[in-house]
Amino acid sequence: MRLEGKTAIVTGAGSGFGEGMAKRFAEEGANVVVADLIGDKAERVAREIGAQAVALEVDVARAQDNQAMAAAAMSHFKRLDIFVLNAGVTHKNTSMLEVDEQSFDRIGDVNMKALYHASRAVVPIMEEQGGGSILATASTAGLRPRPGLVWYNASKAWVVNACKCMAVELAPKNIRVNSLCPVAGETGMLADFMGEDTPEIREKFKSVIPLGRFSQPRDMANAALYLVSDEADFITGVALEVDGGRCV
């Protein structure tokens, strides 16, 4: 049991990558706060995990919701060792000039500002406990961007850099900070990434992934498990590409 006795918060855990991470962490012994914007989805995942999980409906862009997640971890499980900021949003694949301001602001709030709010909620707890691990889901889009997703790409590049900056500042507190950079995966955002979900466009996207497939929740879950476990206790500031070779 690689996470025995640890407690994790996973945001965006009602589906996709986040669901995969929450369930994988639980398989390895962790207690999990399953957080999602859609409460019913969070409840389903927590129910499928069992007694070692609790569900919470949250908007990660709200400071008070981040505080509520930290409080839930402490109230139910008495500690907080791992925080995974997996929730994210995008705009539809289109010209940068066609993205409306409301969409731009929401991307900034969910993909970027949420990390600020989360840090203020969880870092003091981890510091008092003697350490912890923070992991954010970034994207290959932040490393090798495609046209049509300019503002999303930029937000994920910000996440990569912010995690590196946090890693340096929090290292003396024994708090490690890393990010995951998945290639396009079978999640709810895939159609927006592609602009239009057709067999032809899917093949076009897959053609630039050397291993020849989209990412799956299990890919992210296994990578996340390693980074938040004690096996990676000398790894911080890493942006791990989980991309089938896309960024080579």
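Values as computed for the structure displayed
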item	result
Filter result for LYS78 (within 30 Å of ARG2 (Cα to Cα) and surrounded by fewer than 24 Cβ atoms within 10 Å (Cβ to Cβ))	yes
Residue among CYS163, CYS181 that is in a strand (DSSP E or B), touching a residue at least 12 places away in the same chain (Cβ under 8 Å), hydrophobic (A, V, I, L, M, F, W, C) and under 18 Å from VAL84 (Cα atoms)	CYS181
Failed item, numbered, when VAL60 is tested on (1) more than 16 Å from the chain's Cα centre (by Cα); (2) over 10 Å from VAL10 (Cβ atoms); (3) free of Cβ contacts under 8 Å to residues at least 60 places away in the same chain	(1)
Selected residue (criterion: surrounded by the most Cβ atoms within 10 Å (Cβ to Cβ)) from residues of the range 225-248 that are assigned to a helix (DSSP H, G or I) and of a type in the set (A, V, I, L, M)	VAL228
Selection within the range 136-159 - crowded, with 21+ Cβ neighbours inside 10 Å and of a type outside the set (D, E, K, R)	ALA136, THR137, ALA138, SER139, THR140, ALA141, GLY142, LEU149, TYR152, ASN153, SER155, VAL159
All positions within the range 210-220 that are closer than 13 Å to GLU186 by Cβ and either of a type in the set (A, V, I, L, M) or part of a loop (DSSP other than H, G, I, E, B) (or both)	ARG213, PHE214, GLN216, MET220
Any pair with Cβ under 7 angstrom, 6 or more apart, that starts in the range 84-103 at a residue that is touching a residue at least 12 places away in the same chain (Cβ under 8 Å) and ends at one that is in a loop (DSSP other than H, G, I, E, B) and among the acidic types (Asp, Glu)	none
Test result for ALA191, at pLDDT below 90 and either closer than 30 Å to GLU128 by Cβ or not in a strand (DSSP E or B) (or both)	yes
Members of the range 209-224 that are farther than 18 Å from VAL10 by Cα and exposed (fewer than 15 other Cβ atoms within 10 Å of the Cβ)	PRO210, LEU211, GLY212, ARG213
Among (1) of a type outside the set (Val, Ile, Thr); (2) in contact with a helix residue (DSSP H, G or I) (Cβ under 8 Å, 6 or more places away or on another chain); (3) crowded, with 19+ Cβ neighbours inside 10 Å; (4) modelled with pLDDT of 95 or more, the one test that HIS91 misses	(4)
Subset tally (residues that are surrounded by fewer than 24 Cβ atoms within 10 Å (Cβ to Cβ), touching a residue at least 12 places away in the same chain (Cβ under 8 Å) and among the small types (Gly, Ala, Ser)) for the range 41-54	1
Identity of the residue in the range 206-229, among the β-branched types (Val, Ile, Thr) and at pLDDT below 95, that ends up farthest from GLY16 (Cα to Cα)	VAL208
Within the range 27-40, considering residues that are in contact with an Asp or Glu (Cβ under 8 Å, 6 or more places away or on another chain) and of a type in the set (D, E, K, R), the one surrounded by the most Cβ atoms within 10 Å (Cβ to Cβ)	ASP36
Residues that are in a helix (DSSP H, G or I) and either surrounded by 17 or more Cβ atoms within 10 Å (Cβ to Cβ) or not hydrophobic (A, V, I, L, M, F, W, C) (or both), drawn from the range 94-103	GLU98, GLU101, GLN102, SER103
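Let's see how each residue does on (1) at pLDDT below 95; (2) in a helix (DSSP H, G or I):
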{"position": "ARG120", "(1), (2)": "no, yes"}
{"position": "GLU127", "(1), (2)": "no, yes"}
{"position": "LEU135", "(1), (2)": "no, no"}
{"position": "ALA141", "(1), (2)": "yes, yes"}
{"position": "PRO145", "(1), (2)": "yes, no"}
{"position": "ALA154", "(1), (2)": "no, yes"}
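The values are calculated or read from the model by the stated rules, or taken from the named source; none is laboratory data. Worth saying up front: this structure is predicted, and the values here are computed from it rather than measured. As a convention, Cβ positions derive from the backbone with ideal geometry for all residues, glycine included, and neighbour counts pool all protein chains shown.
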